[in-house]
Every structure is written in C-alpha cells, then in structure tokens.
1. What does the charge count near residue A:332 come to, summing +1 for each Lys or Arg and -1 for each Asp or Glu among other residues with Cβ under 10 Å from its Cβ?
2. Can you give me the Cα centroid spacing of segment B:126-146 and segment A:150-207 in angstrom?
3. Using a 10 Å cut-off around each Cβ of peptide B:216-229, what is the average number of partner chain Cβ atoms that fall inside?
4. For residue A:344, go 7 angstrom from Cα along the Cα-to-Cβ vector, then report the distances to that same point in the other copies in nm, smallest first.
5. Over segment B:222-321, calculate the relative contact order: mean separation of alpha carbon pairs under 8 Å at least 6 apart, over the residue count, as a percent.
6. Can you list the copy-to-copy distances for residue A:285, using a point 7 angstrom from Cα toward Cβ, in nanometres, shortest first?
7. If R0 is 45 Å, what FRET efficiency do you get for residue A:251 and residue B:200 from their C-beta distance, rounded to 0.05?
8. Over 18 Å between C-alpha atoms is what I'm after, so list which of A:332/B:316; A:263/A:332; A:334/B:119; B:263/B:316; A:119/B:332; A:334/B:332 land there.
2 protein chains.
Amino acid sequence: MPEGWDPPEHLNAPPQHAPEHLRPPPAPPSGAAMRVKLKNVFIVYFVVSLVGLLCALLQLGQPCDCSQQLQAERHRGRDRLLAEQRNGGARGETRARGGGQALPTIYVVTPTYARPVQKAELVRLSQTLLHVRALHWVVVEDAAAPTALVAGLLASSGVPFTHLHVETPPESRRRPGDPPWLHPRGAEQRNRALRWLRDTRAPGDGGVVYFADDDNTYSLRLFEEMRSTRGVSVWPVGLVGGLRFERPLVAGGRVVGFHTGWKPERPFPLDMAGFAVALPLLLARPEARFDPRAERGYLESSLLGALVSPAQLEPKAGNCTQVLVWHTRTEKPKLRQEEQLQREGRGSDPHIEV
Amino acid sequence: MPEGWDPPEHLNAPPQHAPEHLRPPPAPPSGAAMRVKLKNVFIVYFVVSLVGLLCALLQLGQPCDCSQQLQAERHRGRDRLLAEQRNGGARGETRARGGGQALPTIYVVTPTYARPVQKAELVRLSQTLLHVRALHWVVVEDAAAPTALVAGLLASSGVPFTHLHVETPPESRRRPGDPPWLHPRGAEQRNRALRWLRDTRAPGDGGVVYFADDDNTYSLRLFEEMRSTRGVSVWPVGLVGGLRFERPLVAGGRVVGFHTGWKPERPFPLDMAGFAVALPLLLARPEARFDPRAERGYLESSLLGALVSPAQLEPKAGNCTQVLVWHTRTEKPKLRQEEQLQREGRGSDPHIEV
C-alpha cells in the first residue's frame, strides 16, 4: 500500500452485524422534541421559500433577455424589406410601420414602347421606385402583346407591378418624318391603366395615381409629397417647356397661376410629371380620361378638366418652390456601326438582350 | 328598513365589551393538537410550494416571449438599413451580414461638371448606388471649388461619399464649337480620385474601383459581378460605339478578342463603363493613371496598359454574354423659352435649384 494512502471511508466503518431493516427501530422522540424539530424545519423552509418567492416576484414584468432573437431578427431585416417591397402594396392600402396606420398606395402608371434604350430606361426607373414604400407600378406597353423584355424586367425588378399592353391605333401612330408632337404619345396606354384601376379597385380604396414616363428623373421625396393627395396635387417640373422649370404660382396656399413659357392659355399648363390624382376621385368620375386627339399640349388638360378646377389644385413641394422631378430626355443612340457590321454579317449577337 | 334587507354582519355580532388586546389570551392548545396542526400546515405548504417549484423548473431553458421586442425591431429595420447604407463602407471593408465575412468595398468614381441636367443625373445615379451594399461614392467635380449643389445632393443622398474637385486645365478644356471627342472629358477628375485612393487607403486594404459616369445606366447585378475583381474585370456595355453593345469575346474562360465596330486596333477597345480594377493592383502600381492627352478612344487603354495585359482580363457577366450597363446619353435641354422670358424680365426664379 503506497505511503499516504488512506483506505476509503467504508473500509474504516465499523462492521454492521445486521442489515438496517432488521435492526430495532429507534425510540420515537418525545412530543416536545418532535414539535421543536417540525417547527424549525417549517421556519427554515418558510424563510427559504419566501426569499425564492420574493425573487420570482421581482422578475415579474421585467423584460426578458431577447438579445439572441434580436440578433437573428437583424439578420433577417434586409430580406424582409425586399420581400415587403415585392409583395406589399398590390391592393388598396399598405400598413405603415410603427403606427399601424394605413399608407395610401401610389399607383405609378408608366407607358412604354420598344426602342434601343427601353430596357435601360425601365431598369433605371425601377431602381427609383424600389426605394418607395406602398407603391404599385402599372406598366403599359404600346404593343399588340406583352413582350418578354418588359415581362422579364418587371419580374426581376423587386417592385410590385401590373403588366398591361394596348397598341396605339394606326390613325394615331407617329409615322417616320412626323414631328414628335403631332400625336401625343402614351394616351391610349394611360387610359388602359385608368380602366384597370376602375376594374380592379373598390370604391372605398385609398390611393394616389401618378403618370410617370420612363425617361424622367424622380427624386424620392416627390413620392412622399404626393402621397397625401386628396384631389389633384401639383408641383414644379424641371427642364420642361424650354424653361429651367415650369411651376404653379401659389398665394395663400392656393394655386393662382402658372409659370410657363408655352401656351399659357391652356386650362392646366402642366406637364404630365407635374401632378397626381387621388384614386377615389378617379373612381368617382368614371368618364375622366385622356383624349388621344387632344391638341398638342392639351392632353393633361383633357383629363384634369374632368376632375377639378384650377383653383382646387393642391400645391405640394413647399408651395411649389422645390424642383423634385426633371423632364430628362434620353438621346436616341446612333447605331451606324451596327448597321455596317450587320451588312458584313458581323452584327452584335441578336440573342443578347440590350 | 326595506323588506328583505339584512343588516351587515358586524351589526349582528355580539357586543364586545373590551378591545381585543385587553382580553385574556386563549388557552394554549395541547401538545398533540399543536403537532397535528403544524404538520398539516407544513404538508399543505410543502405540496403547494413543490408544485410551484416544478412549474419554475419547467420554465428553465425555455425561450422567453420576445414578440414585443421583435415587433419593435422590425419597425426599426428600415431605419437601420438606411443608416448602414449611410455609414458603412467608408473605409476599407465592410462586414457582410450574417456570415461575418468581409465584403470588398466598391469605390465608384464619378466625374461631373455643371450643366442643366447635372442634378437630375446625380439624383438618378445616387438612387442606383443607394441599393448597393459596401459602396463608397467618390464624386469629383470639374470646378475650381466644390459647389453647393453637389455638396447638398451628396449629403442628402444616403450614399457614403467623398466629395473632391479639380478644374480641367485651360489647354485641355473644350471650347465652344469643338467636337465632343477632341478632349477626353473627366481624365483629370478620375486621376484626382486615384490620388485620393492612394493617399488614404492602406496597402492591405481590399476593394474594387469602378469609373461610373453620371449619365450611364447601371443594373444592380453589375456591382455584385465586379465585387470579386482580383485584377481587372470586364463585361459588355450596351448602346456604345455605334453598336447595340460592345463586348470582350471569351473562350475557355479567357478574353481572346473584342466585339467592337470602332478602332479595333486599340490595345483595350473597352468603354470606361466596361471594366473595374482591384484596389490593391492600383495601390501596387502608383504610376498608373489616365493620360489626359491620350488620342481619342485611347483613354481607357492609357490606364489599363499600366496594369494588365489583355490576356489577363477577368470576364464577368456570364463570360461577357449579358448587358448589365448601358451607355445612355441625356439630351441637352433646349432653353429657348427661358432666354425669351429672361429678356422680358420674367425668367424662372434663379433661387430655385434645378
């Protein structure tokens, strides 16, 4: 046995001559001893459990440690944002964050037609719209059938959308050599969107309708300005009508005139990008629409005249003192080299979408 | 007293002739009665508290109810996303969500100059860049001093940015009547950005540098394609050089030629929008820069020739089969009415920024 090694305790215990259950029971304690023992146990137990109860009570109503769940939630945040943007706002109204208040959906109506820059324009506009909450994009192609280019672009844009189409009738179509202003472009397509709204929205639905061409530039603030439209709201438009900007003139919170350099006699000398209409007003006036045969510059007036009087216009953008939308035009690209290479049989691969 | 009305209990109690504390104490219970009573109380208390203890044990390790905190977190999600976009990516690398892996910062270098569409162009581009994680926008004005217009726009854009400026020297400046291609625009400004990168980034910093003019159109996918650039990466550009698109031709994963209709003899027949450079490569070759006196079409080659050989180019965008960027040009707006009204003293309010 190594030095310093003590045998385990049971080896030191005195031998037991009989198993415990065969030994005689110990004498029962006297009444007083039993009383004291029970009392002590009860008091100790009472004190210990009372302390425990107090601790439990202190925990009541305290926030629990949610840091792990919050961490997971943060990681999911971006994905949820994207999902919201994809799915939200398709019908009627969307819940605003925080307050549980309804945010009126903005219906952005964009007429579009096939041309070399079409995809680029729609990609750029989709990136703007993707930033805006509670927005539904109604894209109307000037085409006999929806095209794969526009359908694919919309599906991958992340913006809630409706894809419509209507072909401009031959008598209204622009012929080669016609000046660009002879036939107002997009009237039939915008009317198709109005029909879709009237066919699918219910009388009680809130919302705002904005006619946004695919080549203009829109600040994000513009959409929050127009969201509170109750009838027809208006604001300045930059780089339009040969001016730095056109704008309604406001006094005492009301529109009292228009700064414009072109046909100031028009009832509503406004560009298409310079106004929005409340959906309930459009639903209440089912006959209001764009007149495809309106004189040049009178297309906007043909719709607005059926909805409000100029004095009823609601000024936005700091009483029409801020330019939040620009009437940018994209150059038609020259494709001379393409034609040359195609004649040589070396044109750009037609299977690659541009 | 109304019928059926019983007096309250204390009115029925027998009169007490003395307050309780003056009454003689009751006789103490016998030992046996006390024992039984204590025992019963103890047993009941024990059983009740044991049940409570079991319930408490069952709660241990269970997730607590974090629904309220999660709800609040969801509401804060969008604000946090914006804040991240504002603050993230300013230096070096940014942590990717979830994985803890570093995401190389994309430095987008944009030369810009004062013109009527400048604000619109920068607003539109800022909305594109605001969607991209880990991005830093280096905007270089062609101006003797930073302008309030660009400074204000950058500050409100939500995109992390650096605002630089350098004026094009008089001998390189375009004079009225000069064809647009006589002097390559933006060379001095891009070189200023290269100097900023070399002055402020450390040799070990990761990142990718992309030269993005303010009028092109960029898909969001383009930025994720370029993020993995190790040397110089390349891809097709739409609507450039008179073609539907120009693109590098790829075989076996390597660039073996270029589809272009203009000066195919150039060492790198690529548009400025068609390549990105890894930051470490730019830092390792401090002499590489754009040559402001390069012949027309050779500006890109003047930088790239100092960095790689054509065979080293890394093809992106599905081996250069997808158009993810478009060389769109914005029309110069005609401001005839503005000039007319200004002659009449009725020009657009010069205090309103456009």
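Values in this text are rule-based calculations from the coordinates and carry no lab data. Note that the structure is a prediction, hence the values are computed from the model and not measured. Note that each Cβ is placed from the backbone with ideal geometry, even for glycine, and that neighbours are counted across all protein chains shown.
1. +2
2. Between the Cα centres of segment B:126-146 and segment A:150-207 lies a distance of 34 Å.
3. The shielding value for this peptide is 2.
4. 5.4
5. So the answer I get is 39 percent.
6. 6.3
7. Here the calculated transfer efficiency is 0.30.
8. A:332/B:316; A:263/A:332; A:334/B:119; B:263/B:316; A:119/B:332
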